[in-house]
Every structure is written in C-alpha cells, then in structure tokens.
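Let me begin by presenting the structure, written as structure tokens, before commenting on it.
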Amino acid sequence: WTMSWQGTSREQRHMIIGGTTIFDGLEALSEGKVTYTENLSGHNPSFFDVAVVVVGETPYAEFEGDTNDLSLDAEDQAEIEALKASGLPIVLVLVSGRPMIITDLLD
C-alpha cells in the first residue's frame with residue numbers, strides 16, 4: 001500500500017512502477033486545490049472545506065509488524081481529535097493490512 005517495499009526502501013529495484021499515491025489520486029480528481037500537511041499546526045481550519053486524514057499502520061511484512069494492539073498510535077489519534085475539535089469535516093482513510101479499532105474516534 002506504499003510506493004516502495006515496506007514503505008522504507010528507496011532502492012530503484014524496490015520501487016513499484018505505475019502506482020498512484022493517495023495524494024496524487026485526490027489531486028487528479030479534485031476540482032479545487034488539494035493541500036498536503038502532516039498536521040493542522042500552523043493552518044487555519046476555516047480555509048479548508050474538508051480534511052482527508054490518511055492513517056494506518058507502518059508498512060510491514062510477515063512477523064515484523066505483528067502486534068496485539070489494533071489501535072491507531074497516539075499521535076494519529078491526537079491529530080484526529082484536534083481536527084474534530086476544529087469543526088472541520090473529516091474523511092478518514094484507513095490504510096492497514098487488517099482491521100483496526102477506531103470506534104473511540106467516531107461521532
């Protein structure tokens with residue numbers, strides 16, 4: 001679900017050819033301007049129509065990412081809560097290789 005092997009390798013032999021990132025897909029389909037930011041810090045939410053929040057697990061294969069915790073990490077949860085508090089509508093895109101627990105974040 002990333003553009004390179006496990007999301008980390010930048011070696012050409014590991015790069016996926018012909019893929020489209022989520023940002024590129026949104027930009028191609030949008031009729032307006034798409035702004036990328038890692039968090040809301042320094043941005044006025046009233047300047048935006050909607051926040052598309054893309055979160056999930058760090059890419060992994062086999063046992064490297066095994067964990068019994070299916071929650072989003074604390075940083076992702078905090079950013080979603082900050083966006084909710086701003087009143088900006090949110091579209092949450094969950095990128096993971098398995099179901100994750102997000103019920104506490106839903107309205």
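What the Cα convex hull of the stretch 19-98 gives, in volume per residue, is 112 Å³.
Local charge for Ser86 was computed over the other residues whose Cβ lies under 14 Å away, with Lys and Arg +1 and Asp and Glu -1, and equals -3. Solvent-accessible surface of the stretch 42-107, taken per residue with a 1.4 Å probe and all protein chains present: 67 Å². The largest accessible area among Thr103, Thr37 belongs to the first residue in Thr103, Thr37, and the rest follow in falling order (1.4 Å probe, all chains).
Length available on full extension from Leu26 to Thr103: 0.36 nm per residue minus the Cα-Cα distance, which gives 25.2 nm.
The values are calculated or read from the model by the stated rules, or taken from the named source; none is laboratory data. This structure is a prediction, so every number in the text was calculated from the model and none was measured. Positions of Cβ are generated from backbone atoms using ideal geometry, with glycine treated the same way; all protein chains shown enter the neighbour counts. The accessibility values were calculated without ligands, DNA or RNA, using every heavy atom of the protein model including side chains. Shrake-Rupley method; radii C 1.70, N 1.55, O 1.52, S 1.80 Å.
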